[in-house]
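A.B. asks: I'd like to ask some things about the structure below.
Derivation of every value follows stated rules applied to the coordinates shown; laboratory data play no part. Quick caveat, the model's predicted, so the values are computed rather than measured. Here Cβ is always computed from backbone atoms with ideal geometry, including for glycine, and neighbour counts include all displayed protein chains.
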Amino acid sequence: MGQVINRKHIADFVKKIHESGKTVVATNGCFDILHVGHVRYLQKTKSFADYSIILLNSDKSVKSIKGPDRPINNEQDRAEVLCAMSCVDYVVLFDEDSPAELLDEIKPDVYTKGADYSMETLPEADIMRKNNTRVEFITFVEGKSTTKTINKINNLIK
């Protein structure tokens with residue numbers, strides 16, 4: 001079972017993991033309404049290292065990125081659901097729109113992102129290069145997204 005770690009402690013925590021000879025993979029997202037695409041993405045993410053850390057957009061961050069009607073589920077609920085997944089070891093909340101600063105602090109061995117990005121379009125690419133972090137791009141499950149789920153529900157209740 002995963003665990004939520006306070007942001008101010010995560011860098012030291014990851015440093016201890018590295019000192020023990022273990023590896024860390026990180027990814028980030030809102031993970032608002034979990035679906036099979038999220039599950040497969042997080043399982044694949046975990047396959048790249050000993051420990052997985054999910055950098056979870058806080059409610060404030062999700063509203064900034066997705067708009068005033070999001071998130072559907074609050075940050076505590078989203079973190080708890082993620083922690084219940086066997087492929088998630090740790091969850092860290094962050095308030096910014098981008099996890100760049102947090103990634104620079106924790107310096108994971110591997111960072112995963114959806115295959116809709118490339119090193120040329122990845123906002124965190126400079127930080128990944130600076131910290132010698134390997135980036136793995138994961139293919140999405142076709143037709144699966146939180147936005148599509150919300151739209152389908154909205155169409156059902158109209």
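A.B. asks: Looking only at region 60-80, which residues are within 14 Å of the chain's Cα centre (by Cα), farther than 17 Å from Glu124 by Cβ and buried (at least 19 other Cβ atoms within 10 Å of the Cβ)? Let's see the steps before the verdict.
C.D. replies: Going through region 60-80, the residues within 14 Å of the chain's Cα centre (by Cα) turn out to be 61-62, 75, 78-80.
In the following step, the residues that additionally are farther than 17 Å from Glu124 by Cβ were identified as 62, 75, 78-80.
The answer is Val62, Glu75, Arg78, Ala79.
Yes or no, residue by residue, for (1) outside any loop (DSSP other than H, G, I, E, B); (2) among the hydroxyl-bearing types (Ser, Thr, Tyr):
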{"site": "Leu55", "(1), (2)": "yes, no"}
{"site": "Ser61", "(1), (2)": "yes, yes"}
{"site": "Arg70", "(1), (2)": "no, no"}
{"site": "Val81", "(1), (2)": "yes, no"}
{"site": "Asp97", "(1), (2)": "no, no"}
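A.B. asks: Within region 131-148, can one find any residue that is touching a residue at least 24 places away in the same chain (Cβ under 8 Å), over 17 Å from the mean Cα position of the chain (by Cα) and part of a helix (DSSP H, G or I)? Before the answer, list the steps.
C.D. replies: So the first thing to find is which residues in region 131-148 are touching a residue at least 24 places away in the same chain (Cβ under 8 Å), and the list is 131, 133-141, 144-146.
Now narrow it down to the ones that are over 17 Å from the mean Cα position of the chain (by Cα): 131.
After this cut, where a residue has to be part of a helix (DSSP H, G or I) as well, the list is none.
Checking region 131-148: not a single residue is touching a residue at least 24 places away in the same chain (Cβ under 8 Å), over 17 Å from the mean Cα position of the chain (by Cα) and part of a helix (DSSP H, G or I).
A.B. asks: Only one residue in Lys15, Lys22 is out of contact with any strand residue (DSSP E or B) (no Cβ under 7 Å at 6 or more places or on another chain) and farther than 26 Å from Ile150 by Cα. Which one? Show your work before the answer.
C.D. replies: Values: Lys22 fails: out of contact with any strand residue (DSSP E or B) (no Cβ under 7 Å at 6 or more places or on another chain).
So the residue among Lys15, Lys22 that is out of contact with any strand residue (DSSP E or B) (no Cβ under 7 Å at 6 or more places or on another chain) and farther than 26 Å from Ile150 by Cα is Lys15.
A.B. asks: For region 99-130, what are the residues that are surrounded by 13 or more Cβ atoms within 10 Å (Cβ to Cβ), in a loop (DSSP other than H, G, I, E, B) and in contact with a helix residue (DSSP H, G or I) (Cβ under 6 Å, 6 or more places away or on another chain)?
C.D. replies: Residue satisfying the conditions is Glu124 alone.
A.B. asks: Within region 7-30, how many residues are free of Cβ contacts under 8 Å to residues at least 60 places away in the same chain and either among the hydroxyl-bearing types (Ser, Thr, Tyr) or within 21 Å of Leu93 (Cβ to Cβ) (or both)?
C.D. replies: Number of matching residues: 8.
A.B. asks: Would region 34-55 turn up any residue that is of a type in the set (Gly, Ala, Ser) and in contact with a strand residue (DSSP E or B) (Cβ under 7 Å, 6 or more places away or on another chain)? If you could, list the steps in order and put the result at the bottom.
C.D. replies: Of the residues in region 34-55, the ones of a type in the set (Gly, Ala, Ser) are 37, 47, 49, 52.
Next, from what is left, pick out any that are in contact with a strand residue (DSSP E or B) (Cβ under 7 Å, 6 or more places away or on another chain): 49, 52.
So far as region 34-55 goes, yes, one or more of its residues are of a type in the set (Gly, Ala, Ser) and in contact with a strand residue (DSSP E or B) (Cβ under 7 Å, 6 or more places away or on another chain).
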